[in-house]
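In what follows, a single structure is set out as structure tokens and then discussed.
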Ligand SMILES: Cc1cc2nc3c(=O)[nH]c(=O)nc-3n(C[C@H](O)[C@H](O)[C@H](O)COP(=O)(O)O)c2cc1C
Ligand code: FES
């Protein structure tokens, strides 16, 4: 994936107001508690991943050292430290989903998009990832795309969704 | 039909809104506690109820609350554990999504009992849409004066906030959760001190599961004794069970503790039997961490007694022939399932989720995943089965937090009860080629230590 080196990293006024509101949830001197929520917002705003520039920007907002942001961002699986496609598809691979056919779903998506797990389509539209249990075991198999849960998947249902997302150039966002 | 205390109104249209929730008697526990009870009296009711933590460990809630330190001038916190990441568990999601106000009500009542002016609901990041449902419910509660200053003119002030995580099973461990809530990596803390003495920001803190906090509502409404009258022995009240796998009716069921396991699996009131009426092979009864049991031992104890859905009955026989109620994540496998392959998904899970602090867990989970992978590839030896056994035994009990135990138990129990299946894989070698494995080796970095 190409990285836009000149991407301006700065929240607009409205987003900044939201960020400031989140910081107020914590006692004075404990503003660092807002780090994870703010990283989510930053990732959603700045192309779905956390570049060093984005992380440094978040550090400056919270008045903490950049390393304090890097060490957190690298710990949590929802934070992407490399660019991802516009639409990140995350298929659960754990026990109940596996029992109900998650591997077939993954295979199917791999074939359909002509990529392997962990890769991005050449047009930058889709990235495919497998993830651990997402609390949807009773409606397995499932995949998550941004904040949307897609459950009780069949291969037909997957086809339908992929076609639709391709046509509309879908962008996935958690928040 | 069993008695429903939490999900009684779950199907009422609009129950996710404050107005419908209140029409159904919602927030009565807040009014009752704040207007007619002292905080100590609320704690007493919870003690009387016999309620045990629903997050997995089953620690008596009233006792945990009574340990809370109360130094003068130091704030106390209630933190709700909505991280729900134990494979097979999805009850908290269901409860929060369907009846968000039940959790908010429980948060206020419990906070009153604990003297907490502020509370946080820490919810896993992937449940983002559920967090939004909670935010909306909280906004409604503020609007109605149920949160904020001087609730019900009692002089009690309370603020409740939602905090999202970002993908880390370990943050369900209570001290890792507190670290995460402080904006750090989710590395569990060494205990003592326990959160009851030094928790969030070093202040006395109670961490409880979503379902535990919700259960405080019926306990305060009907009294601890009425709650204790439900269930069996020390397993009082009702429990949400997340049922998944090869069953006809997967979903979340509220059961009275003490329902026979056989009834739970086969009755139409619950799971409705096995898909295509195939034979039951094995069950993981309480989320991925608890020992797997073969059909005969999950239906009956080693002594031949019917096994019940209760803390004591599921644990009957210890690890030799029993298991645990855990989080209530009930995963059913029929005769077509491979216990070895299922275990592989678990070993991969624990390796992925180990925070990396303790060497036995960080290294051991990786080794176990690799050996399982080798066995599934048809390259395993009989010695590998012994090696797996050896590694799990060297993780158990040797780590700061119980994630190590949680990684070891599934391995130990699978070998204990299904050794012949492992041997079959080894014997058939490369003729077993159903293995498909998915690694994300390129593009996206895995979290640290995986
Ligand atoms: C690795 C690990 C993961 C855990 N995950 C959760 C979880 O997702 N939800 C939860 O309520 N408790 C979880 N727990 C248990 C918590 O540490 C803690 O015991 C619980 O939140 C206490 O609440 P309770 O007494 O109401 O059950 C986990 C424990 C460990 C060791
Ligand atoms: S196992 Fe896939 S959502 Fe739980």
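The values are calculated or read from the model by the stated rules, or taken from the named source; none is laboratory data. These numbers were taken from a predicted model, which means no experiment stands behind them. No Cβ is skipped: glycine too gets one built from the backbone with ideal geometry, and neighbour counts run over all protein chains shown.
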* Selection within the range B:139-166 - crowded, with 22+ Cβ neighbours inside 10 Å and farther than 25 Å from residue B:16 by Cβ -> B:166
* Asked: Listed residues B:249, B:239; which is touching a strand residue (DSSP E or B) at 6+ places or on another chain (Cβ under 8 Å) and either closer than 14 Å to residue B:61 by Cβ or in a strand (DSSP E or B) (or both)?
  -> B:239
* Structure fact -> The correct count of residues that are more than 13 Å from ligand 1 (Cβ to nearest atom) and farther than 19 Å from residue B:349 by Cα in the range B:161-199 is 12
* Asked: Do we have residue A:153 as on the phi < 0 side of the Ramachandran plot and facing another protein chain (nearest Cβ under 7 Å) here?
  -> no
* Asked: Out of all the residues in the range A:59-86, which are touching a strand residue (DSSP E or B) at 6+ places or on another chain (Cβ under 6 Å) and more than 8 Å from chain B (Cβ to nearest Cβ)?
  -> A:85
* Asked: Can we say residue B:397 is more than 13 Å from every other protein chain (Cβ to nearest Cβ), in a helix (DSSP H, G or I) and within 19 Å of residue B:188 (Cα to Cα)?
  -> no
* To do: Evaluate the range B:85-94: report whether one residue or more is away from ligand 2 (no atom under 16 Å from the Cβ) and within 24 Å of the chain's Cα centre (by Cα).
  => no
* Could you check, for the range B:96-118, whether at least one of its residues is away from ligand 1 (no atom under 16 Å from the Cβ) and free of Cβ contacts under 8 Å to residues at least 12 places away in the same chain? => no
* To do: For the range A:80-175, please list each of the helices (runs of 4 or more DSSP H) lying entirely inside it that holds at least 1 residues being more than 16 Å from ligand 2 (Cβ to nearest atom) and within 30 Å of residue B:283 (Cα to Cα).
  => A:102-113, A:155-168
* Odd one out for residue B:345, checked against (1) assigned by TED's automatic domain parsing to the domain that holds residue B:412; (2) outside any helix (DSSP H, G or I); (3) within 30 Å of residue B:254 (Cβ to Cβ) -> (2)
* Take the residues in the range A:99-116 that are at the interface with chain B (Cβ under 7 Å from one of its Cβ atoms) and touching a residue at least 24 places away in the same chain (Cβ under 8 Å), then tell me which one is surrounded by the fewest Cβ atoms within 10 Å (Cβ to Cβ). => A:99
* Asked: Does the range B:306-324 include one or more residues that are within 14 Å of another protein chain (Cβ to nearest Cβ) and either touching a helix residue (DSSP H, G or I) at 6+ places or on another chain (Cβ under 7 Å) or modelled with pLDDT of 95 or more (or both)?
  -> no
* Asked: From the list B:240, B:293, which one is within 16 Å of ligand 2 (Cβ to nearest atom) and within 22 Å of the chain's Cα centre (by Cα)?
  -> B:240
* Structure fact -> Checked the range A:121-138 for anything under 18 Å from residue B:84 (Cα atoms) and more than 7 Å from chain B (Cβ to nearest Cβ); matches are A:131
* To do: State whether the residues of the range A:36-43 include one that is over 30 Å from residue B:330 (Cβ atoms), part of a loop (DSSP other than H, G, I, E, B) and away from ligand 1 (no atom under 16 Å from the Cβ).
  => no
* **Among the residues listed as A:129, A:112, the single one being away from ligand 1 (no atom under 16 Å from the Cβ), within 30 Å of residue B:252 (Cα to Cα) and either under 19 Å from the mean Cα position of the chain (by Cα) or outside the structural domain of residue A:44 (by TED's automatic domain parsing) (or both)** => A:129
